[in-house]
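In what follows, a structure is listed as structure tokens, so that the remarks can point back to it.
Just so it is clear, none of the values below were taken in a lab; they were calculated from the coordinates. No experiment lies behind these values; they were computed from the predicted model shown. Note that each Cβ is placed from the backbone with ideal geometry, even for glycine, and that neighbours are counted across all protein chains shown.
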Amino acid sequence: MTDPSSAQPAPPGCPAHHADAVRLAGLEYQQTPAQLYRALRREHGAVAPVLLDGDIPAWLVLGYSEVTYVTSHDELFARDSRRWNQWENIPADWPLMPYVGYQPSVLFTEGDEHRRRAGVITEALEGVDQFELARNCQLIADRLIADFAGSGQAELMTGYAHALPMRAVVQMCGMPTSGEDTRQLVEDLRISLDAAEGDDPVAAYGRVGERLRQLVKDKRVSPGPDVTSRMLLHPAGLTDEEIVQDLISVIAAAQQPTANWICNTLRLLLTDERFAVNVSGGRLSVGEALNEALWLDTPTQNFIGRWAVRDTQLGGRQIRAGDCLVLGLAAANTDPQIWPDSHVGAENAAHLSFSNGEHRCPYPAPLLADVMARTAVETLLERLPDLVLSVEPEELSWRPSIWMRGLTALPVQFTPVVH
């Protein structure tokens, strides 16, 4: 991300046509976004003009009360991306197309149709037994830990934090927890949500859809006690394609953000002296660490987006009909208006990490994510009680994404455990 003073102006006639619009990219952004949010807030207030990939203009909503307002007023700031006034400038292979290209999914529906679709997901997720999920997660955790416990060292991001929610979520949806199909699905989801250099997110997103179409077809013939089957059997009568699109939303929302939540919490536990004394019987609990990670290193730091239904004002800015707004969830969570002394209270759960309003994560998704994350962290610390980082904390690096907040790696060491 560039320094505001060196940013390029957006093309004339664009909604964020400000000489000081800031590119949402660059190394500085990846490693220290909190500082950049502070700088943007100082320079622009609660709503900042920004440039997305290819210098496409948008607004980044930084303020807690402004994000809350946008997400609470669907009649002003809606989810259907076909309203965007920039489509003529967007190439078909634009990297953010998996986020903003209109799909017949719950993510882009509005009003009664959104309530119908979200209702199906809610009821399908309510069918998940949380005790059974915790038990499954513990079994998955034990198997993953057994793979590296004897070596006395591990890289937890790939070998544990990503693998555990992936296996739990595909199991919840009625897919096998291992095998090439499942592994490829998860890799394609990662690429479509958080592409690295050389990845093709649009092609990866297409492959995700194909794999889930096959799953839906299989479950039509042979339903089981899983989320996909409950969606298929729901009286709302969703079409196969609607279910495929909504499953993509469910799996994507559950897998990568939960993985980052696990890893960001482990980083906090392993680097913050308040937790370091003795986590199992120490000063602050795993639950408090999980909650603090949501405030300070929320897994989804920015979310695109909302589109203005008509000309309006927000945070002192003139927003034009069709303008795109990016929800700055991480910036809102650390807004000095709600934390004037810059101390985040670990016991307060009013963060925006699961968003807000009708389009927030459908209940009980946050509870299921909490079961997965809590079980992952607690089981690991129980099995490997002397776990420590194998590098200096400042050597840890964050993934190059303005959307997700996750480490590239979390290398640790511990006393080898022979099973």
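Give the residue from 148, 257, 416 lying farthest towards the positive end of the charge dipole for the chain; charges sit on Cβ (+1 for Lys and Arg, -1 for Asp and Glu) and the dipole is referred to the Cα centre.
So the residue furthest toward the plus end is 257.
So if I place +1 on the C-beta of Lys and Arg and -1 on the C-beta of Asp and Glu, and nothing else carries charge, what would the dipole magnitude of the range 371-419 be about its Cα centre? I want it in debye, nearest 20.
Numbers: 4 positive and 6 negative charges, 58 e Å.
Rounded to the nearest 20 debye, it is 280 debye.
How much of the calculated P(r) for the range 58-110 lies past 18 Å, in percent of all Cα pairs?
Numbers: 591 of 1378 pairs.
Taking all Cα-Cα pairs of the range 58-110, the fraction more than 18 Å apart is 43 percent.
Where does each of 290-296, 115-121 land if you order them by average Cβ count within 10 Å, highest first? Walk me through the numbers on the way to the answer.
Numbers: 290-296: 22.4, 115-121: 19.4.
In descending order of packing, they fall as 290-296, 115-121.
Could you let me know the centre-to-centre spacing of the range 401-419 and the range 196-229, using Cα atoms, in angstrom?
Taking the Cα centre of each part, the range 401-419 and the range 196-229 sit 28 Å apart.
Calculate the dipole size of the range 160-299 relative to its Cα centre from +1 charges on Lys and Arg beta carbons and -1 charges on Asp and Glu beta carbons; express the result in debye to the nearest 20. Please report the intermediate quantities before stating the final value.
Details: 13 positive and 20 negative charges, 99 e Å.
Taking the Cα centre of the range 160-299 as origin, the dipole is about 480 debye.
Once the dipole of the chain is set up with Lys and Arg at +1 and Asp and Glu at -1 on Cβ about the Cα centre, which of 125, 326, 114 lies farthest towards its positive end?
My answer, from the dipole projection, is 114.
What order do you get for 125-136, 366-377, 302-313 when each peptide is scored by the mean count of other beta carbon atoms within 10 Å, highest first? Provide the component values of the computation, followed by the final result.
Working: 125-136: 15.0, 366-377: 22.9, 302-313: 18.5.
Answer by packing, highest mean first, reads 366-377, 302-313, 125-136.
Run the dipole for the chain about the Cα centre, Lys and Arg Cβ at +1, Asp and Glu Cβ at -1, nothing else charged, and hand back the magnitude in debye, nearest 20.
500 debye
Report the local net charge at residue 62: Lys and Arg +1, Asp and Glu -1, summed over other residues whose C-beta lies under 9 Å from its C-beta. Don't skip to the answer; put the middle values down first.
Working: positive: 41; negative: 66, 335.
Computed value for this residue: -1.
HN-Hα J couplings of the range 321-335 from phi, Karplus 6.51/-1.76/1.60, θ = phi - 60°, integer Hz, Gly and Pro as x?
3, x, 5, 8, 10, 9, 7, x, 4, 5, 5, 5, 5, 10, 4
In nm², what is the average projected area of the convex hull enclosing the Cα atoms of the range 176-332? Intermediate results must be reported in sequence, preceding the final value.
Numbers: hull surface 57.4 nm².
Convex hull of Cα atoms, orientation-averaged projection: 14.3 nm².
Viscosity 1.306 mPa s, temperature 10 °C: give me the Stokes-Einstein translational D for the range 80-188 in µm²/s, with Rh taken as the Kirkwood radius over C-alpha pairs. Could the numbers behind the result be given before it?
On the way: Rh = 17.3 Å.
In µm²/s, the coefficient rounds to 92.
Starting from the amide H of residue 398, placed 1.01 Å from N in the peptide plane, find each other amide H under 5 Å away whose residue is 5 or more places distant or on another chain.
408
What translational diffusion coefficient, to the nearest whole µm²/s, does the range 215-304 have by Stokes-Einstein, given a Kirkwood radius computed over alpha-carbon pairs, a temperature of 37 °C and 0.692 mPa s viscosity?
Estimated diffusion coefficient is 208 µm²/s.
Looking at 101, 138, 90, which one has the Cα that reaches farthest to the positive end of the dipole of the chain (charges on Cβ: Lys, Arg +1; Asp, Glu -1)?
After comparing all options, I get 101.
From the list (1) 19.9; (2) 25.2; (3) 27.7, can you say which value of mean projected area of the Cα convex hull in nm² was derived from the structure given?
Comparing each candidate, only (1) matches the computed number.
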